[in-house]
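Let me begin by presenting the structure, written as structure tokens, before commenting on it.
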Amino acid sequence: MNRPNIIFIVADDLGFADLGCYGGRDAEFGPVSPVLDSLAANGLKFTQGYANSPVCSPTRFAMITARYQYRLRGGADEPINSRSKGSTTLGLPPDHPTLPSLLKASGYRTALIGKWHLGYPPTFSPLKSGYEEFFGPMSGGVDYFTHCSNNGTHDLYFGEQAHTEEGYLTDLLSQRSVDYVNRMSKQEAPFMLSLHYTAPHWPWETRDDEALAHEVKDNLFHLHGGNIHTYRRMIHHMDEGIGWLVEALRNNGQLDNTLIVFTSDNGGERFSDNWPLVGGKMDLTEGGIRVPWIAHWPAVIASGRSSTQSCMTMDWSATMLEMAGVSADPDYPLDGVSMLPVLQAENREFVRPLHWRMNHRSQRALREGDWKYLRVDGHDYLFNLPADERERANLGQRQPERLAAMRENWEAWNATMPPIPEDATISLGYSYKDMPQR
């Protein structure tokens, strides 16, 4: 079998239960995510998969390097914001090996279509970190119609050049991806496409909401608007575009030997459905970090499978390197662990401890087997997740030895990471004064 193509699709701020295949409700127009539901039904769905962070740019550092984001200065900001424009430190260093750079060196064609959020030119850019092609925004969030970031500056690029193009951003990204598959299918080399949507990230705009672009231009957080109906329609637009991409793969005879992986960069935001989880973006409770993980690869993955294997974002980058037969740079050993054995066969699950830390609210977490150790605002908790996914029954006082052991495990891991820099920033788009919290 030829080396597989890879398509790594990442939604932005998608909740754990926003998709039908994860228990999401239908919208008034019908199923929200029929294409993704079909990919899950014909592939492998992970129920215990996580993001490397509950906020966007740190997860993206881990995703592109297959290493904990804490190892890089830019990964300490929660998240990188538009004020970092011009910074020579807040971004992905071009000399750091990446998933696309390692694949490219081995003969893969590489492209990023969609959100970058790993630092601004001229110091940083996708083209400096292994992607041959790039189309999308550099920052964390842009308007779907004006393609301007939160500070009002235009933020749509083709390569490293500013690019103007009319259209709804979700559709532009989908259409570019279809074009890329059509072009790459005419040549011999395998390809790796990172398709990183901004949907369903604010502002809350469907294809029919171009009039809102002027209204929200001074504050894309869109605190006065949005609703679950608009939000579900935004997910549906993304799902339709993924359907166009799947059809292009099928028409070009590439579907069977292409690994499609779908996930979200972190847990859901204000209109998301995270049931049965508590919390969301910026939280190390399950709602902030547990996310959908769907893998579809007909040549290897039997259809209709589900897995409880614990995994996080950087594991999938390690998986993609292994399946391509590519080794890590010995000077930058991977923290990610390959999931390829789990893709290839059932009953191949293994213990995979997962560690997190956040500057925001001094949070920390460790998932190990059924158990989770969590600290928020100085309070320590212990949860048995299969019994209590909502993290409401703190077992710390009943099992103090287990809590102490997991705390010690987390402390030992944290000692292997660089400390959080004193100048690391936390950027919150809204607070209790904007809307009531749980």
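The values are calculated or read from the model by the stated rules, or taken from the named source; none is laboratory data. Every value quoted in this text rests on a predicted model; they were computed, and no experiment measured them. We place every Cβ from the backbone using ideal geometry, glycine too, and count neighbours over all the protein chains shown. For accessibility, only protein heavy atoms count, side chains too; no ligands or nucleic acids. Shrake-Rupley method; radii C 1.70, N 1.55, O 1.52, S 1.80 Å.
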* To do: Let me know the shape class of the stretch 202-320, please: from the alpha-carbon gyration tensor, a ≥ b ≥ c as square roots of the eigenvalues, rounded when a/c is under 1.5, otherwise prolate if a/b is greater than b/c, or oblate.
  => oblate
* With the dipole of the chain worked out from charges on the C-beta (+1 for Lys and Arg, -1 for Asp and Glu) around the Cα centre, which of 181, 300, 194 lies farthest toward the positive end? -> 300
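Can you bin the stretch 331-428 into rounded, prolate or oblate? Criterion: square roots of the alpha carbon gyration tensor eigenvalues sorted a ≥ b ≥ c, rounded for a/c under 1.5, prolate for a/b above b/c, oblate for the rest.
Note, shape of the stretch 331-428 comes out oblate.
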* Asked: From the cross-link list 115/281; 104/128; 281/372; 45/115; 104/186; 85/115, which pairs have alpha carbons spaced over 22 Å apart?
  -> 45/115
* To do: Specify which labelled value, from [x] 0.93; [y] 1.10; [z] 0.99, agrees with Rg/Rh (Cα atoms, Kirkwood Rh) derived from the coordinates of the model shown.
  => [x]
* Asked: Once you charge only the Cβ atoms, +1 for Lys and Arg and -1 for Asp and Glu, what is the size of the charge dipole of the stretch 237-315 about its Cα centre, to the nearest 20 debye?
  -> 140
* Asked: So what's the net charge close to residue 39: Lys and Arg +1, Asp and Glu -1, counting the other residues with Cβ under 11 Å from its Cβ?
  -> -1
* To do: May I ask you to give the percent of accessible area on the stretch 298-416 that is carbon plus sulfur, with a probe radius of 1.4 Å?
  => 44
* In what order, largest first, do 218, 423 sit by accessible area if the probe radius is 1.4 Å? -> 218, 423
* Asked: What helices does the chain have that are whole DSSP H segments, at least 15 Å long along their own axis by Cα, and with mean Kyte-Doolittle hydropathy of -1.0 or more?
  -> 169-184, 228-251, 313-323
* Structure fact -> The local net charge around residue 189, scoring Lys/Arg +1 and Asp/Glu -1 for residues other than residue 189 whose Cβ lies under 15 Å from its Cβ, equals +2
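Of all the accessible heavy-atom surface of the stretch 1-79, with the other protein chains kept in place and a 1.4 Å probe, what percent is carbon and sulfur? Provide the component values of the computation, followed by the final result.
On the way: 940 of 1940 Å².
Of all accessible area on the stretch 1-79, carbon and sulfur atoms account for 49 percent.
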* Asked: Roughly how many Å² is the accessible area per residue of the chain, as a whole number, for a 1.4 Å probe?
  -> 38
* Per-residue accessible area for residue 204 at 1.4 Å probe radius, Å² rounded to 10? -> 10
* Taking N as the number of residues in the stretch 1-117, what value does Rg over Cα atoms divided by 2.2 N^0.38 Å take? -> 1.27
* Asked: Just the Cα atoms of the stretch 1-70: what Rg and Dmax do they give in Å?
  -> 14.7, 44
* Just how large is the dipole of the stretch 383-436 about the Cα centre, in debye to the nearest 20, putting +1 at every Lys and Arg Cβ and -1 at every Asp and Glu Cβ? -> 280
* Structure fact -> Note on the chain, DSSP bridge orientation, antiparallel percent to nearest 5 equals 55
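Could you tell me which of rounded, prolate or oblate describes the stretch 79-217, using a ≥ b ≥ c as the square roots of the eigenvalues of the alpha-carbon gyration tensor, with rounded for a/c under 1.5 and, failing that, prolate when a/b is larger than b/c and oblate otherwise? Present the calculation step by step, with values, prior to reporting the outcome.
Values: a/c = 2.55, a/b = 1.30, b/c = 1.97.
The shape class here is oblate.
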